[in-house]
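Trainee: The structure that follows is given in the form of structure tokens.
The values are calculated or read from the model by the stated rules, or taken from the named source; none is laboratory data. Note that the structure is predicted; figures quoted are calculated from it, not measured. FYI the Cβ positions are ideal-geometry reconstructions off the backbone, even for glycines, and counts take in every protein chain you see. The protein model used for the area step is the full one, side chains on, heavy atoms only, and it has no ligands, DNA or RNA in it. Shrake-Rupley method; radii C 1.70, N 1.55, O 1.52, S 1.80 Å.
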Amino acid sequence: MKQGRNVSRRAFIPASMAAAGAAAKSFGQTAPARPASRYPVLDTVDVLVVGGGPAGIGAALGAARTGASTLLVENQSFFGGIAAWSLGMQMNQMRPWSKARSAVHELLIARLNAYGDQAVRLGEHEVWTNVEYLKVAILDALDQAGCKYLVHTRAVDAIVENNRVAGIVVATKRGLMAIRAKAVVDSSGDADVAFYAGAETMCDPDNLMPMTLAVTLTNINLAKTKPADVVAAIRAGKARHPLITSGFLEIKQVAHGSAWWVNHAGTADMGRVDATDPKGRSEAECQSRRQALQMIQAIRESENPDLRQIEWGTAGPQVSVRETRRVKGLYIISEQDAIAGRTFDDTIGWRAGFIDLGGQKGTKLDKMKVHDVPYRSLVPEKVDGLLMAGRCISATHVGAASGKSMGNCMATGHAAGLAAALSAQQNIMPRELKVARLQDKLRADGVNLEVKERDQPNLRI
């Protein structure tokens, strides 16, 4: 399997260093550490969680429920990540086999259930939500756990002292500020904190999974119109509207609502775009807006009058990113681990579902087995004071695609947050934590670390 370049560096390289670096073209250079005293301290906590998607929510709840002072920061105006800005796509693997996965997963589901059947519908393993209820239910869950949180707060650098991540620098409307912590969980998706801190990251730029801007449709005659009719109209319109994807395309109903949401292969036909590249990301975001418009135009140009009345409801606040940087940890999860259903002595959870490479043309959902996630895959190989959660944990390209569903990300977040809290309470580095103690705490939170049935014979998306 081709593995991309491993790049270790820090952000904000001064012009003099940048010039020298451009000439040398060497990897492993780091910018000089900036003194933390340069910035006013916004907060000091035991556990800092960066990124409020499913992994960050799991980490924040896992840490806060131990009594550790915990702060969750998010650069959007709401929490939920892809679960919120995909506009209704199901949260897969939240309740595999219709069984509770952990106390943390169940806390969020309970807060959704409190708002009734307009908010949530439970499937065989998935949770379908109306995202506006979800955004509030997440706040409810964080409040119940005693977790502090900030939105509109973007991590722009890491505070590193003696090779230990001691916090982050955030951009706010009052300028750059510091947040200090005993332990940090990077659930940013793009491994931002790890990258800023100089941890080694992995990326396969020739095989990055595509990004997708979700879309909703309204004013649908449900008695006369089926999702397959809309899919056919969009496909038929590609000749006139070339940005329409040639990859997978699915349309499903928003939980207990009349609107439909559209999930598709997004930027797959635009080439492999790295969402951490400012120019590439900007092009992908803007082209995705045009792509969404072209899909709507194709629907409204249909010869079917019931399709022509369909209206564009909304589009996500940003594209949903499936893959960027992954941190090189003490263990790298591989495709073979997933296919074999491998177990590990230091397991902190497991992943279920499919090997899903994002639906670009020529790929399909491949079967895998339930496989363990070792604690070592959450711990950066060299940098201390930091844990990974979600899609940036240590894995190969296909290993990352193996069970990247939201429920799985929440599970790795739960473990990372709990480990961060235990490390902070003992005043040790996460790599020094006794895994047996973490496993005991996870079991106390309802996590089954000894899954027997690993073949997933009846799994459906």
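Trainee: With the requirement that a residue be outside any strand (DSSP E or B) and over 18 Å from residue 38 (Cα atoms), what does the stretch 154-189 give you?
Mentor: The answer is 163, 187, 188, 189.
Trainee: Taking residue 114, is it surrounded by 15 or more Cβ atoms within 10 Å (Cβ to Cβ), of a type in the set (A, V, I, L, M, F, W, C) and at pLDDT 95 or above?
Mentor: Here the answer is no, as residue 114 does not meet what is asked.
Trainee: Six or more apart or on different chains, Cβ under 6 Å: which pairs go from a residue in the stretch 301-325 that's under 30 Å from residue 393 (Cα atoms) to one that's open to solvent by 40 Å² or more (accessible area, probe 1.4 Å) and in a loop (DSSP other than H, G, I, E, B)? Could you list them?
Mentor: Close Cβ pairs (under 6 Å, with a partner that is open to solvent by 40 Å² or more (accessible area, probe 1.4 Å) and in a loop (DSSP other than H, G, I, E, B)) amount to 324/276.
Trainee: Then there's this: Return the residues of the stretch 243-261 that are in contact with a Pro (Cβ under 9 Å, 6 or more places away or on another chain) and of a type in the set (A, V, I, L, M); say none if nothing qualifies.
Mentor: Within the stretch 243-261, 251 is the sole residue that qualifies.
Trainee: Which is touching a helix residue (DSSP H, G or I) at 6+ places or on another chain (Cβ under 7 Å) and either closer than 18 Å to residue 188 by Cα or in contact (Cβ under 8 Å) with a residue 24 or more places away in the chain (or both), of 133, 149?
Mentor: So the residue among 133, 149 that is touching a helix residue (DSSP H, G or I) at 6+ places or on another chain (Cβ under 7 Å) and either closer than 18 Å to residue 188 by Cα or in contact (Cβ under 8 Å) with a residue 24 or more places away in the chain (or both) is 149.
Trainee: Here is a check on your reading of the model: is residue 330 of a type outside the set (Lys, Arg), surrounded by fewer than 24 Cβ atoms within 10 Å (Cβ to Cβ) and touching a residue at least 12 places away in the same chain (Cβ under 8 Å)?
Mentor: It is true that residue 330 is of a type outside the set (Lys, Arg), surrounded by fewer than 24 Cβ atoms within 10 Å (Cβ to Cβ) and touching a residue at least 12 places away in the same chain (Cβ under 8 Å).
Trainee: If you don't mind, another one. Out of the residues in the stretch 93-121 that are in a loop (DSSP other than H, G, I, E, B), in contact with a helix residue (DSSP H, G or I) (Cβ under 6 Å, 6 or more places away or on another chain) and of a type outside the set (Gly, Ala, Ser), which is farthest from residue 187 (Cα to Cα)?
Mentor: Restricting to residues being in a loop (DSSP other than H, G, I, E, B), in contact with a helix residue (DSSP H, G or I) (Cβ under 6 Å, 6 or more places away or on another chain) and of a type outside the set (Gly, Ala, Ser), the top hit is 115.
Trainee: Oh, and also: Taking residue 102 as the residue in question, decide whether it is small (Gly, Ala, Ser), open to solvent by less than 20 Å² (accessible area, probe 1.4 Å), under 19 Å from the mean Cα position of the chain (by Cα) and at pLDDT 95 or above.
Mentor: For residue 102, the condition - small (Gly, Ala, Ser), open to solvent by less than 20 Å² (accessible area, probe 1.4 Å), under 19 Å from the mean Cα position of the chain (by Cα) and at pLDDT 95 or above - is met.
Trainee: Looking only at the stretch 221-266, filter to residues that are touching a strand residue (DSSP E or B) at 6+ places or on another chain (Cβ under 6 Å), open to solvent by less than 20 Å² (accessible area, probe 1.4 Å) and hydrophobic (A, V, I, L, M, F, W, C); which one of those is nearest to residue 289 (Cα to Cα)?
Mentor: Of everything passing the filter in the stretch 221-266, 262 is nearest to residue 289 (Cα to Cα).
Trainee: Which one of the conditions (1) open to solvent by less than 20 Å² (accessible area, probe 1.4 Å); (2) farther than 21 Å from residue 181 by Cα; (3) under 23 Å from the mean Cα position of the chain (by Cα) does residue 388 fail to meet, given that it meets all the rest?
Mentor: That leaves (2) as the condition not met.
Trainee: When you check residue 149 against the structure, is it outside any strand (DSSP E or B) and open to solvent by 60 Å² or more (accessible area, probe 1.4 Å), yes or no?
Mentor: The answer is no for residue 149.
Trainee: Please tell me if residue 416 is among the small types (Gly, Ala, Ser), buried (at least 23 other Cβ atoms within 10 Å of the Cβ), at pLDDT 95 or above and in contact with a helix residue (DSSP H, G or I) (Cβ under 8 Å, 6 or more places away or on another chain).
Mentor: Criteria met by residue 416.
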